[in-house]
1. Could you line up A:ILE116, B:ILE289, A:ILE86 from fewest to most neighbouring Cβ atoms inside 10 Å?
2. How much length is gained on full extension from A:GLU202 to A:THR239, taking 0.36 nm per residue of separation minus their Cα-Cα distance?
3. Using a Förster distance of 22 Å, how high is the FRET efficiency between B:GLU217 and B:GLU313, based on the Cβ-Cβ distance and rounded to 0.05?
4. Quick query: amide H of A:ASP95 versus all other amide H atoms, modeled in the peptide plane; which residues come in under 5 Å with a sequence gap of 5 or more or a different chain?
5. From the backbone phi of segment B:269-285, what are the Karplus-calculated ³J(HN,Hα) couplings (6.51 cos²θ - 1.76 cosθ + 1.60, θ = phi - 60°) in whole Hz, Gly and Pro given as x?
6. Per residue of segment A:118-130, in order, report the coupling 6.51 cos²θ - 1.76 cosθ + 1.60 (Karplus, θ = phi - 60°) as ³J(HN,Hα) in whole Hz, putting x for Gly and Pro.
7. Any aspartates and glutamates with Cα under 19 Å of the B:LYS198 Cα? List them, leaving off those in the same chain fewer than 8 positions away.
8. Sorting check: for A:232-241, B:133-142, which peptide has the highest mean count of neighbouring beta carbons within 10 Å, and how do the rest follow?
Amino acid sequence: MKIVVLIKEVPDTWGERRLDLETGLTDRAASTPVLDEIDERAVEAALAHADAHPGTEVVVLTMAPASAAATVRKALAMGATSAVHIVDDALRGADLLLTAEVLAAAIRRTGFDLVIAGNLSTDGGGGVLPAMVAEVLGVAQLTALSSLEVGEDSVAGGRVSDAGTMRVSAALPAVVSITEALPEGRFTTFKGIMAAKKKPYETLDAAAVGIDVEDPAVPRYIMVSVAERPPREAGIKITDEGDAGEKLAAFLVAEGVV
Amino acid sequence: MAVALVLLEVLPGGALAASSAGLLAAARRVGDPVALIAGPADAAAEAAARGAVRVLTADIEPGALTVPVVDALAAAVAQESPDLVLASNSVESRDAVARLAARLRLPLAADVVGVDRDELGVVAHHAVFGGAFSVDGAPTFGPLVATLRPGAVTERLDPQPLVVERLEVVASGVRSGRVESFSETAAPSTRPELRGAKVVVSGGRGVGSRENFALVEQLADVLGAAVGASRAAVDAGYVPVSAQVGQTGVTVSPRLYIALGISGAIQHRAGMQTATTIVAVDKDPEAPIFAIADFGIVGDLFTVVPQLISALEAPKK
Ligand SMILES: Cc1cc2nc3c(=O)[nH]c(=O)nc-3n(C[C@H](O)[C@H](O)[C@H](O)COP(=O)(O)OP(=O)(O)OC[C@H]3O[C@@H](n4cnc5c(N)ncnc54)[C@H](O)[C@@H]3O)c2cc1C
Ligand SMILES: Nc1ncnc2c1ncn2[C@@H]1O[C@H](COP(=O)(O)O)[C@@H](O)[C@H]1O
């Protein structure tokens, strides 16, 4: 079986994250880039299947600037078989539709039985890419799975919503996205890091996967303005001396919130 | 006038989802809100009561995931030529409009907090990185597909006379997943929904156990608040995952947010820092939550909260 895992480099959520106020794009210089935690879990889900089913191929795929290579290497060091990295200056600031079309084209080129993605990226992604990619590929999608069972020719899992719990399934090939209910990504070992250096690593531009970035017939979603909110400031801070609950009640009354 | 097509969700019980009123009100800023209910017409009257000028209904193949709704949306778009297609940013609705956008090759704006129209066309508003940045986006031409963050729009519309129309849908035959089973949440909470709640009381790892979490719920009930939690509290099993506030949980923007035993990690703050007033109770004076709290108490939540509850209840007695 061939599993393609969609991975994305994002600004580390532990640091300050900024948008460039000129371009509206993520300011990559302002923070440390990391492999999104949810995508580590997606890689882990694929590797767990591969561990139990020898012969499984796990290809990690990203569309990102050339500088994301270190992040892709991390997924290889975890144990992925090979990597496909779409790099193209013309894709800077690509909207969701273009991103989905590029990823789908690369997936088709690579070949796949199953695509695993994160349900939601932490850098403001809307959790829509997996379903868009599925539509472009003409296959079923199962999104936001909190459990995952990969069979020989089908995939199934659970999805939790406010209304209840659902069990969903689809025939392969299919696209799934997983939530943080799935296990964390495994640690990389020195051996894994060394092995990653020798693994197949393909770098392609948009044209190589057959996408015309500048197609004037296709509408794009563009940023028209960006503004920064002033940061929040701390207010009153007291140490409880036995009456903090009463003081808080008085504060809430004074604020008119109760 | 221009049409804004709105996908409404029907709950398992047959009523419209709580997101419906906000969706219709948001869409009204762009055009006449025409509702699509992918299912029986039973909820149509409710859609009109919430401001839909017309309600389209479509028969849906039961058990098939998403694709039949996409087919209905595509038929509605062909019929109405809307300037905007708006749906809730819930998992089900966003899957449907994401596939629609990919199928029709339309631009998609995800997780918007509002939509508007200017002289050039439709504009969508986003709150990025926990609300630290406001971004506006627009399609280069043609209609926009967008998903609206639940609870982000509190405006409501006046009821409209009921006009229902059955939509003819040709099945696309695109492969879909299947819903094999569904079990409804045992006792649906009587508390307000977290998304869009005016007051939220959240508990973190500091609450210590599932049993202790009752104290958080008790304060929530005194304040008529929704219950939230940190990821650590969810991971420890004190509360279901639907209560998670933050980066990878729900984003809330209430009038009052009370954090109990939550240190205020950056990923938690990303989901609540746009609250009007923030109150925090934490034992650790260095907890980062205090950097954004309007009223911070360094203390034990198990003494502060019971005292707060008695003080709030005292005038009522
Ligand atoms: C990619 C990513 C996404 C994440 N997404 C989220 C998210 O969506 N939401 C989220 O919340 N977290 C998220 N996290 C996790 C986040 O980093 C923190 O681990 C988490 O928020 C910590 O939860 P906490 O504050 O309850 O626990 P802790 O940080 O352990 O804090 C517990 C606090 O309780 C206090 N305390 C203990 N006992 C008492 C007492 N008796 N009275 C008063 N105070 C007491 C302690 O002093 C401490 O400050 C994410 C992390 C990553 C990496
Ligand atoms: N540029 C990208 N390259 C590869 N995968 C991506 C990219 N953007 C998003 N994804 C995948 O889609 C998931 C959901 O992302 P999003 O729709 O941005 O919230 C992520 O967790 C990734 O698995």
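1. Working: A:ILE116 31, B:ILE289 26, A:ILE86 23.
Starting with the residue having the fewest Cβ neighbours, the order is A:ILE86, B:ILE289, A:ILE116.
2. Working: separation 37, 0.36 × 37 = 13.32 nm, distance 5.78 nm.
Here the segment from A:GLU202 to A:THR239 would lengthen by 7.5 nm.
3. Values: r = 15 Å, r/R0 = 0.69.
Efficiency, from the Cβ-Cβ distance: 0.90.
4. The list, which skips near neighbours in sequence, is A:TYR221.
5. 4, 4, x, 9, 6, 9, 4, 5, 10, 10, 10, 9, 10, 8, 5, 8, x
6. My calculation for segment A:118-130 gives x, 6, 7, 7, 7, 9, x, x, x, x, 9, 4, x Hz in order.
7. Candidates past the 8-residue exclusion: A:ASP162, A:GLU255, B:GLU155, B:GLU217, B:ASP221, B:ASP294.
8. Values: A:232-241: 13.5, B:133-142: 18.6.
The peptides rank, most packed first, as B:133-142, A:232-241.
Laboratory data are not the source of any read-out in this text; all were calculated from the coordinates shown. Please read these numbers as outputs of a predicted model, since none were measured by experiment. Quick reminder, even Gly has a Cβ in these numbers, built from the backbone with ideal geometry, and neighbours come from all protein chains shown.
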